[in-house]
Amino acid sequence: MDDLRLGLLLNAVSPAVGGVLVRGEKGTAKSTMVRALAGLLPSIGVVAGCRFACDPAAVDPQCPDGPHLGADRGERPAFLVELPVGVSEDRVVGSLDLERALAEGVKAYEPGLLAKAHRGVLYIDEVNLLQDHLVDLLLDAAAMGRSYVEREGVSVRHAARFLLVGTMNPEEGELRPQLLDRFGLTVEIAATRDADERAEVVRRRLAYDADPAAFAARWDGPERELAERITAARELLPDVELSDLALRQITAVCAAFEVDGLRADIVMARTAVALAAWAGRTEVLEEDVRTAARLALPHRRRRNPFDAPGLDEEQLDRTLAKHQQPEEPDGPDGPEDDGPGDGGPDGGGPDGGGAPEPGGPDLPSSGEAGADEAPVPPQQRPGGGRESAPVAADQPYRTRLFKVDGTGRGAQGRRSPAETDAGHTIRARRPQGRLSRLHLSATLRAAAPHQAARGRAGRALVLRRDDLREQVRRGRESNLVLFVVDASGSMAARQRMTAVKGAVLSLLMDAYQRRDKIGLVTFRGTGAELALPPTSSVEVGAARLEQLPTGGRTPLEAGLLRAREVLRVERLRDPDRRPLLVVVTDGRATGGKDALPRARRAAGLLAAQGVAAVVLDCESGPVRLGLARELAAHLNGDAVSLDELRAEGVASLVREARTTTMTRKAA
């Protein structure tokens, strides 16, 4: 927990660092640590009566409660505002005060959580589960330091500068890259494996449960000392000098690790300065730069959603060692040659050229024959029989968009059309249950003809429940994308399986970007197994795919029936989330009498349930039987080859998963 403690304290010293993202397994007291920060933050000066915590020393000229000329000065603690995952948009940014608007006929603004968090801490537990339209609001506020509210006839701008702290369990899915980059620091935490430390944690927890007041009193002194040290570090912060050498080390490290943009350089510089102030120094040392890199860079080095955050500390040490002295100006003959031993375009250093990676883009296409078509060397299976060792996936690419036909009501996402809480308003309707999104103009139009009959007097509007109308918004939902992957011997050719894994990995990345849940069913040998129960953690799906061996018979029927059972259970758990079935196979079926007809009957059962389906046709070679496309017809779905899966060169990127079925029925 040391890195988490340090990251939180550095942000308390210098809020400009930009917050902390806490990644870790469940039950590690992430939320407890963050909430404890609130008691250590110094109090802030505010304009008395201002709902937006204006600083008396620098009053916001656009404050909705202003102008504050001659206003009294007050003081209060810095707030730690918790943003629940299921919060509504109007609670985040604020909205029209409907009570005053309808009862008094005045237009008044009700501040939201962003206004309350100004000059404090905005804490989001399970931030990776936050809905996309709320993430967009946070990105705008974090980027500009202001919240812009344009809704329901209200136009308001107010300051919203806050320390953003989020906790997440990576098993439940990752963050969008844009929001990930807005966190200044990131820390990975895990429960200690030391028995004595675990015993001390349990001992303290039991002591707190027995007498919370006595436990708090016991630690009051150390907490007060920590708060005083934060205040002292804040006062020292303006005097800390960031030398040219330290700045050069910071920029060299960011360049060496190839982070995108310049935000990492700025965050590292602010963190290094805060570290020096926390240590009571006025000079940034190399150890400050090293620690700042370890906290600020890991989450900025990810090149795709499946890369785990991390930092090569040996490379970090080499880069810092190379820039321990100020750079000398070039002599009259230009810069010195680094010599043959320092790497370069043709050298053997970390940035030098070399042979292409195995499985990279220079591999021949799946239709070419050659040595790569030979099966992977088999290995003995513990339970008898033989299976091929896993092969690496090809490089992922951007795929075509497949979506479920019709309009759903599932969780917000980026795949299929749906009625959602976000999106554009398409119409108004009478509330179905509890009113959640008032359609103001439609409500007023419904109530207006009855005002005389209801004896209206003055400006107040006389409303009845029958007058209320709610908004119907059209957006996009996330789906359950269930992959059914053929891992039998017919797929075991090395080149083909490399291409197939690359295709599935590409579809997994597409599912990640569209906020889908994913599941993975594999079939080979004598049956099928649920390799990955439906989850939001696409990274786990990629890891399971990478480890997938091949070999044995092709029990296609078992794979389809297992998928049907998984979808049945998920429909009970989450009836609003519509499934999209992606079957990855060459269409062959073996194992027992009438294997192919049985597989087609299983496909018919899925089609009868209205499951949207896509078959990724993996058949290759000069002679093709077309079995995968026949399977797609029995599923009432569409068949797509590996070459057709790529988005490049396709005139339309959107294809309804069941368009082919409708065309066939019409014919």
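The values are calculated or read from the model by the stated rules, or taken from the named source; none is laboratory data. Note that the structure is predicted; figures quoted are calculated from it, not measured. Ideal geometry is used to build each Cβ from the backbone, glycine not excepted, and the neighbour counts take in all protein chains shown. In case anyone asks, the SASA skips ligands and DNA or RNA and just uses the protein heavy atoms, side chains included. Shrake-Rupley method; radii C 1.70, N 1.55, O 1.52, S 1.80 Å.
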On the accessible surface of the stretch 466-587, probed at 1.4 Å with all protein chains in place, carbon and sulfur together account for a percent value of 46
Once both label points are put 7 Å beyond Cα along the C-beta direction, the Leu572-Gln395 separation in nm becomes 4.6
The set of residues whose placed amide H lies less than 5 Å from the amide H of Arg76, leaving out same-chain residues fewer than 5 positions away, is Ile44, Val46
Quick calc, Arg459 & Leu435: beta-carbon distance into FRET formula, R0 22 Å, rounding 0.05, result 0.45
The alpha-carbon center of the stretch 250-271 and that of the stretch 609-632 are separated, in whole Å, by 48
Relative contact order of the stretch 572-637 (C-alpha contacts under 8 Å, at least 6 apart) in percent is 42
Taking a label point 7 Å from the Cα of Ala216 along Cα-to-Cβ, the residues of the stretch 1-32 whose backbone nitrogen sits under 18 Å from it are 32
Going residue by residue through the stretch 125-130, the Karplus relation 6.51 cos²θ - 1.76 cosθ + 1.60 with θ = phi - 60° gives ³J(HN,Hα) values, rounded to whole Hz and with x marking Gly or Pro, of 7, 6, 5, 6, 9, 5
Length-normalised contact order of the stretch 529-623, Cα under 8 Å, at least 6 apart, in percent, tallies to 33
In whole Hz, the Karplus estimates of ³J(HN,Hα) for the stretch 410-419 (6.51, -1.76, 1.60; θ = phi - 60°; x where Gly or Pro) are x, 4, 4, x, 9, 10, 9, x, 6, 8
Quick note, the stretch 1-118: a/c under 1.5 would make it rounded; otherwise a/b > b/c is prolate and the rest oblate (a ≥ b ≥ c, C-alpha gyration tensor); here it is oblate
Applied in sequence order to the stretch 74-83, the curve 6.51 cos²θ - 1.76 cosθ + 1.60 (Karplus, θ = phi - 60°) yields integer Hz couplings, x standing for Gly and Pro, of x, 8, 8, x, 6, 7, 9, 9, 8, 9
The stretch 29-62 scanned against label point 7 Å out from Arg204 along Cα→C-beta; backbone N under 14 Å for 29-37
Checked the stretch 527-598 with the C-alpha gyration tensor, a ≥ b ≥ c its square-rooted eigenvalues, rounded below a/c of 1.5, otherwise prolate if a/b is larger than b/c and oblate if not; verdict oblate
Taking a probe of 1.4 Å and leaving out DNA, RNA and ligands, the stretch 421-565 shows per residue an accessible area in Å² of 41
Checked the stretch 168-256 with the C-alpha gyration tensor, a ≥ b ≥ c its square-rooted eigenvalues, rounded below a/c of 1.5, otherwise prolate if a/b is larger than b/c and oblate if not; verdict oblate
Stretched fully, the stretch from Leu444 through Thr32 gains (0.36 nm per residue minus C-alpha distance, one decimal, in nm) 143.7 nm
Given a Förster distance of 30 Å, the FRET efficiency implied by the Cβ-Cβ spacing of Asp194 and Val85, rounded to the nearest 0.05, works out to 0.40
Heavy-atom accessible area with a 1.4 angstrom probe orders Thr407, Thr535, most exposed first, as Thr407, Thr535
Taking Arg73, Arg398, Arg204 and ranking on accessible area (1.4 Å, protein atoms only), highest first, one gets Arg73, Arg398, Arg204
FRET efficiency for Gln513 and Met144 from the Cβ-Cβ distance with R0 = 30 Å, rounded to 0.05, comes out at 0.75
Taking alpha-carbon centroids only, the stretch 16-52 lies from the stretch 140-216 a number of Å equal to 7
The stretch 1-132: antiparallel bridges as % of DSSP beta bridges, rounded to 5, reads 75
The answer for Arg469, listing residues at least 5 apart or on another chain whose modeled amide H is closer than 5 Å to its amide H, is His439, Thr443
Residues meeting the amide H criterion for Val521 (H placed from the backbone, H to H distance under 5 Å, 5 or more places apart or on another chain) are Phe483, Val484, Val485, Ala531
Rounded to the nearest 10 Å², the accessible area of His118 using a 1.4 Å probe with every protein chain kept is 10
With all protein chains present and a 1.4 Å probe, the order of Trp219, Trp278 from largest accessible area down is Trp219, Trp278
Taking every other residue with Cβ under 11 Å from the Cβ of Pro64 and scoring Lys and Arg +1, Asp and Glu -1, one gets -1
